[in-house]
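The structure appears right after this line, and notes come after that.
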Amino acid sequence: MRLPGRAFWLGIPLLLLALGGLYVALSLRFDAPNDFWAQKGELERVLVSEAEGDSLYEAFELTMISSAGYEVRGYLRVPRAAGSWPALVVIGGVRTGKMAAELVTPPQPYVILGLDYPWDGPTQPSWWEFAIRVLAVRRAMLLTPSAIFLAIDYLESRDDVEESEIVLAGASFGAQLAVVAGALDGRPSTVISIYGGGDYAQLLRGSLQVEQPWLRGMLADAGAWLVAPLEPLDYVQYVSPRPLIMINGRLDDRIPVHSVEALYEAAHEPKQLIWLEEGHISSRDEALLGRVLQAAVEALALDVP
């Protein structure tokens, strides 16, 4: 019996490498913006458990289940007074929905929904944990606009929500995702970007904690390529004719000013850019987060030029 030749054995790893490359390419394939709607699914059911409210608001923990097979967790605050109220959807850091919803105190009653990302992994992964989960992280990010659509479906199903006054606000990385979702979904009456910007490569260069400039630049470019379907510069113009409100900190050392200005310039009227004398927003600094979120809801009362 003749044994396979050397070329055969050398071809096996090349075939495996090619199959691996094909798998990665198929995993990264995403047809934006159509796939954001295609993967949303329908609101199948909502699990509700009562939480501790206050004198003005009832509170509930939610799990919204999509027919597409994913779940979105959130924290809901509902005015105790009877009526039909405007709604505010807030999305910020990983598993910060409850904190964001509780820190917001609008000058008038709102139904407030703080959303979590559709992500069950570590809150603050190390670099190697992130590396081995990079495709899962990307998947969660691409799913987030769809999860926001699903959350708006839920709010519209409530009798105490005024459907024509649903405001969408995103903070930090959630700012970019809120711009994408708000541009694609015409239901939000106003979109608020809190400490966000445009051009992911520049945003990542500013936020990555890597000392070597060459490595930081390489990682930033790779990251921007992975999340290219979510680039807010490609969507922000479609928020119009609804108002876009941008809130940023002059002392922020993470978000480049030109990234903020690029997003603002790409947006169409009506729009407003509000600068605060604050540093970078962080879920670890609840006092700063509270001040920034409060500025956001107070901006809703302003006339956008």
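Points worth noting:
- Scanning segment 28-50 for residues that are farther than 16 Å from LEU230 by Cβ and either under 18 Å from the mean Cα position of the chain (by Cα) or surrounded by 11 or more Cβ atoms within 10 Å (Cβ to Cβ) (or both) yields a count of 6.
- No other residue among TYR264, TYR238 is of a type in the set (Phe, Trp, Tyr), touching a helix residue (DSSP H, G or I) at 6+ places or on another chain (Cβ under 7 Å), open to solvent by 20 Å² or more (accessible area, probe 1.4 Å) and modelled with pLDDT of 90 or more apart from TYR238.
- Pairing each residue of segment 134-159 that is in contact (Cβ under 8 Å) with a residue 40 or more places away in the chain and within 18 Å of ARG95 (Cα to Cα) with any residue that is of a type in the set (S, T, N, Q) and buried (at least 18 other Cβ atoms within 10 Å of the Cβ), provided the two are 6+ apart or on different chains, yields C-beta distances under 7 Å for LEU143/GLN39; SER146/GLN39; LEU150/SER66.
Conditions (1) among the hydrophobic types (A, V, I, L, M, F, W, C); (2) open to solvent by less than 10 Å² (accessible area, probe 1.4 Å), marked per residue:
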residue	(1), (2)
ASP185	no, yes
PRO188	no, yes
VAL191	yes, yes
ILE194	yes, yes
ASP199	no, no
LEU203	yes, no
ASP221	no, no
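- Pairs are defined by a Cβ separation below 7 Å, a sequence spacing of at least 6 or placement on different chains, a first member in segment 89-115 that is basic (Lys, Arg), and a second member that is modelled with pLDDT under 85 and not in a helix (DSSP H, G or I); the pairs so defined are ARG95/THR123.
- Helices (runs of 4 or more DSSP H) within segment 205-305 that include 3 or more residues under 26 Å from TYR117 (Cα atoms), free of Cβ contacts under 8 Å to residues at least 60 places away in the same chain and of a type in the set (Ser, Thr, Tyr): none
- Inside segment 160-177, residues that are over 10 Å from the mean Cα position of the chain (by Cα) and either more than 20 Å from GLU61 (Cβ to Cβ) or not charged (D, E, K, R) (or both) make up a count of 8.
- Picking from residues in segment 283-298 that are open to solvent by 40 Å² or more (accessible area, probe 1.4 Å) and of a type outside the set (A, V, I, L, M, F, W, C), the one that is nearest to the chain's Cα centre (by Cα) is SER283.
- With respect to the conditions (1) in contact (Cβ under 8 Å) with a residue 40 or more places away in the chain; (2) closer than 20 Å to GLU165 by Cα; (3) touching an Asp or Glu at 6+ places or on another chain (Cβ under 7 Å), TYR57 lacks only one, and its number is (3).
- Of all residues in segment 65-82, exactly one satisfies the criterion of being open to solvent by 30 Å² or more (accessible area, probe 1.4 Å) and among the polar types (S, T, N, Q), namely SER67.
- Residue check for GLY217: surrounded by fewer than 16 Cβ atoms within 10 Å (Cβ to Cβ), over 24 Å from GLY290 (Cβ atoms) and over 11 Å from the mean Cα position of the chain (by Cα): yes
- A single member of SER193, SER189 is among the hydroxyl-bearing types (Ser, Thr, Tyr), at pLDDT 95 or above and in contact with a Lys or Arg (Cβ under 8 Å, 6 or more places away or on another chain), and it is SER189.
- One residue stands out among those in segment 52-64 that are surrounded by fewer than 16 Cβ atoms within 10 Å (Cβ to Cβ) and modelled with pLDDT of 95 or more: the one that is nearest to SER146 (Cα to Cα), which is THR63.
The values are calculated or read from the model by the stated rules, or taken from the named source; none is laboratory data. As the structure is a prediction and not an experimental result, all values here were calculated from the model. Methodologically, a virtual Cβ is constructed for each residue, glycine included, from the backbone with ideal geometry; neighbour enumeration extends over all protein chains shown. Areas reflect the complete protein model, heavy atoms only, side chains present, ligands, DNA and RNA absent. Shrake-Rupley method; radii C 1.70, N 1.55, O 1.52, S 1.80 Å.
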